[in-house]
Structures are given as structure tokens and as C-alpha cells.
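> There's a structure below that I have some questions on.
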Amino acid sequence: DAGVTQSPTHLIKTRGQQVTLRCSPKSGHDTVSWYQQALGQGPQFIFQYYEEEERQRGNFPDRFSGHQFPNYSSELNVNALLLGDSALYLCASSFGVDHYGYTFGSGTRLTVV
Amino acid sequence: AQSVSQHNHHVILSEAASLELGCNYSYGGTVNLFWYVQYPGQHLQLLLKYFSGDPLVKGIKGFEAEFIKSKFSFNLRKPSVQWSDTAEYFCAVITGNAGNMLTFGGGTRLMVKP
């Protein structure tokens, strides 16, 4: 059990559509980070949320947006989906923005057709 | 921008063989270094990490890694692998100018033959 829960586990969308992925952090964690892992590559940092604000952002376009709720859970939204957005999306939780004790979820596999 | 290179994409070993996976990073300042493992169908798990102090760090399941600052390297080692070590291994770094954003290497897929 990873302690970090992501939903759904798999998703198929059509180009141009919008998608929302969800993440519940491990109990006691208040910070959520999102990563994109394309097939055959290492995870790439999308952004991090703490205290319901985006604290850090990687090199991803504005089509990628997020939200953190008062209970620390988080959503990742991707608009105007492209074929290249097909990937495994990983959520990682931690305690505070300066703590490196990440716990990763098992991910959501997004396929864009 | 910082980057992490893992030179071996696929490694095949027999049980009891020794393992060394290479990892190099490009950043001249302070770094924190990590090795993660992803077993088939499971989530990323932390094997070990280096923040400061003794450059030889020991992790779970008999793994260890050595930080060599002059070579910008953080290679992962295990003296004797088991079939259960079959997994994908990722090296990652947090640099002093990047908050706590992890930058990952491309991964090394290890297959251990029984």
C-alpha cells in the first residue's frame, strides 16, 4: 500500500478533450507534487502544491493546471489534450515544501487517441 | 538546467552477480541525490538518499551508492543480486536552486535471471 491514492488508474481520452486526475496524499502529508512519466523515460516534474497554492512549476505549458483542497488532496487538469500527453501521471506527497520524504502513488495511465 | 544521465538502459544479470548502475548529474552546486526503484506494477519506492556526510550511503535490501563529487556521479551497487531485484531503477537529484523538485534520469531496467 503506497499510502498515496490516485484515481482513476487508467483513462482513455480523445485529442482536444480535457481530463482531471485526482490524488489523495498519505496521511500526515500536506504537500502534493505531480510528475509525468512518458513511456521509457523518467518522471518529469509538473508542479507542486502546498497550502492550496502552486509553489513550484516545471517546464509544462499552461494547459496543465492543478488545485489543492483544504484536506490536502489535489487535482491535475489537462486541457486540449494532445497525443503527446499520453503518459503515466504520478502523484507524490510529502510533509512541507522543504522535506524530501516523498511517497509516490501508483499513477494514472492516460492514453490520448 | 540540471540533468541526470543513466547510461545503462537495460541490464541483464544472473542471480548472485554483482550490480553497478551508473548515474551522473550536471550541476555544480549543492545536490541531494536519490535512487528509486519501481517493481513491476508497483509505485516508486526510495532505495537510498544522500544529503551530506559519508559519501557511501547504504539503503534498503542490501543496496548502496557512492557519491563522488569530482565525477558528478552517484552509482548504485549491490554485491549479489536476486531474482526479486528485477525492476526499473531511477536516479534523481534535487539541486540547491530547484526547491525540492526531483529531476530524474531516464531509468535502467534490470532483469535478473534465476
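The values are calculated or read from the model by the stated rules, or taken from the named source; none is laboratory data. Keep in mind that this is a model prediction, so the values were computed, not measured. Here Cβ is always computed from backbone atoms with ideal geometry, including for glycine, and neighbour counts include all displayed protein chains.
> Condition (residue is in a loop (DSSP other than H, G, I, E, B) and at pLDDT below 95) applied to the range B:29-37: is it met by at least one residue?
yes
> Under the condition of being exposed (fewer than 15 other Cβ atoms within 10 Å of the Cβ) and in a strand (DSSP E or B), which residue from the range B:61-110 is nearest to the chain's Cα centre (by Cα)?
Only one residue fits best here, namely B:ARG77.
> Please count how many residues of the range A:59-77 are buried (at least 18 other Cβ atoms within 10 Å of the Cβ) and more than 20 Å from A:LEU11 (Cα to Cα).
Count: 2.
> Okay, moving on. Which ranges mark the strands (runs of 3 or more DSSP E) fully within the range A:50-113 that have 1 or more residues being at the interface with chain B (Cβ under 10 Å from one of its Cβ atoms) and at negative phi?
In the range A:50-113, the matching strands (runs of 3 or more DSSP E) lie at A:53-57, A:87-94.
> Tell me, yes or no, whether the range B:47-60 has at least one residue that is at the interface with another protein chain (Cβ under 9 Å from one of its Cβ atoms) and in a loop (DSSP other than H, G, I, E, B).
Checked the range B:47-60: at least one residue is at the interface with another protein chain (Cβ under 9 Å from one of its Cβ atoms) and in a loop (DSSP other than H, G, I, E, B).
> With the condition kept exactly as written, say whether any residue in the range A:78-99 is touching a helix residue (DSSP H, G or I) at 6+ places or on another chain (Cβ under 7 Å) and either at pLDDT 95 or above or exposed (fewer than 14 other Cβ atoms within 10 Å of the Cβ) (or both). Outline the logic, then answer.
The initial filter retains those residues of the range A:78-99 that are touching a helix residue (DSSP H, G or I) at 6+ places or on another chain (Cβ under 7 Å), namely A:78.
Keeping just the survivors that are either at pLDDT 95 or above or exposed (fewer than 14 other Cβ atoms within 10 Å of the Cβ) (or both) gives A:78.
Yes, that holds for at least one residue.
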